[in-house]
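In what follows, a single structure is set out as structure tokens and then discussed.
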Amino acid sequence: MRSNSSVSRSVRTVLALATLFGLPLATACNGCDGELVCDANNNCQICNAYGCHDADPGSTSGTSDGGSGATGSSSSTGVVETSSSTGGTCDPSTTTCACTQKSDCPSELYCIDGLCLEGCNYDFECGPGNVCADGKCTAGCNDMVPCDTGYACVNGACQPDPTNPECTTPTDCNGLPCVNGLCTTACTVNTDCPAGKLCDSTSGTCFDDPTPKPLCGGAEMCPGAGQVCGADGYCHYPCSNVQECKLIDNRFVACDQSICKTEEEVNPECDLDNPCPNGASCVSNKCQ
């Protein structure tokens, strides 16, 4: 958990950057969980370098509970919905819903960056060229593999870059929304978005789908010679001892449950259930 001084510095940084980009300011308050901030009406906000948006889009000003307004409840169909303080609901089966903690989400989802999402734990869940960063599958990068415009390489993962954004206003996007420095499209549900994107119910815009997807099974074959499709839907190298694994790739350190595994898989420094201390990022199961 971050110290109070670290949180204060983070909030001051967000507010300074929000001012730089001409966005509404928010101030820190005790009514919001974690590192959220709240506006003048005491509504909880999720902030980044480009400004803030409501943690719960259905919240109204002046709510006595700090404006978070998000609670988990089960519908008669068994779908967990996120309820707002105004009585509105968000169905996580059709869009991504706001949250401040995991209990706001259905049991199989995690609260990641203020949204209920199916998170990743390991790089192999994200496909070739991608890494698992703070529970989200994102493009990997290094000195030889740069990130796309609007992104910066941070600890081996491509993240939105506020110093070199793709856009700053809708004008840069031919009238389409500009969110987090990237051009996007408006949406209400996930099906409104192009393939590979989800709908952020808090901003009403599409964003890159960061959730892991099974990579094999059915007609999809494993690309590596000798790989098999595991019950988890991912390709693995079978083994009977660690020496067999070493012959395939020296990064393998164990033959665990007849599968070759890396040090990060066997002894992860961090994952969805064990975040890094002091607010550090978890990239490829290492605290950065």
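A short reminder: the numbers here are calculations on the coordinates, not readings from a lab. What you see is a predicted model, and the numbers here were worked out from it, not measured in a lab. Every residue, glycine as well, gets a Cβ built from its backbone with ideal geometry; the counts of neighbours run over all protein chains shown.
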Here the gain from full extension of Asp143 to Lys246, 0.36 nm per residue of separation minus their alpha-carbon distance, amounts to 34.4 nm
Given pairs Lys136/Lys197; Lys102/Lys286; Lys261/Lys286; Lys197/Lys286; Lys136/Lys246 and cut-off 24 Å on Cα-Cα distance, the over-length ones are Lys197/Lys286; Lys136/Lys246
Once normalised by the length of the range 174-264, the mean sequence separation of its alpha carbon contacts under 8 Å that are 6 or more apart gives a contact order in percent of 13 percent
Val266 and Leu176 label points (each 7 Å along its Cα→Cβ direction) are spaced in nm at 4.6 nm
With Thr185 itself left out, Lys, Arg at +1 and Asp, Glu at -1 over residues whose Cβ is under 13 Å from its Cβ give -2
Percent relative contact order for the range 110-155, counting Cα pairs under 8 Å at least six residues apart, stands at 23 percent
Listed by chain and number, the residues whose amide H is under 5 Å from that of Cys239, excluding neighbours fewer than 5 places away on the same chain and using placed H, are Ile259, Cys260
Using alpha carbon centers only, the range 193-250 is separated from the range 98-164 by a whole-angstrom value of 15 Å
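Can you list the trypsin sites (Lys or Arg not before Pro) in the range 238-288 that are in a DSSP coil and have 16 or fewer other beta carbons within 10 angstrom? All intermediate terms of the calculation are to be shown ahead of the outcome.
Values: sites: Lys246, Arg251, Lys261, Lys286; in loops: Arg251.
Those that pass, being in a loop and sparsely packed, are Arg251.
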Taking 0.36 nm per residue of separation between Val189 and Ser107 and subtracting their Cα-Cα distance, the length gained on full extension comes to 27.5 nm
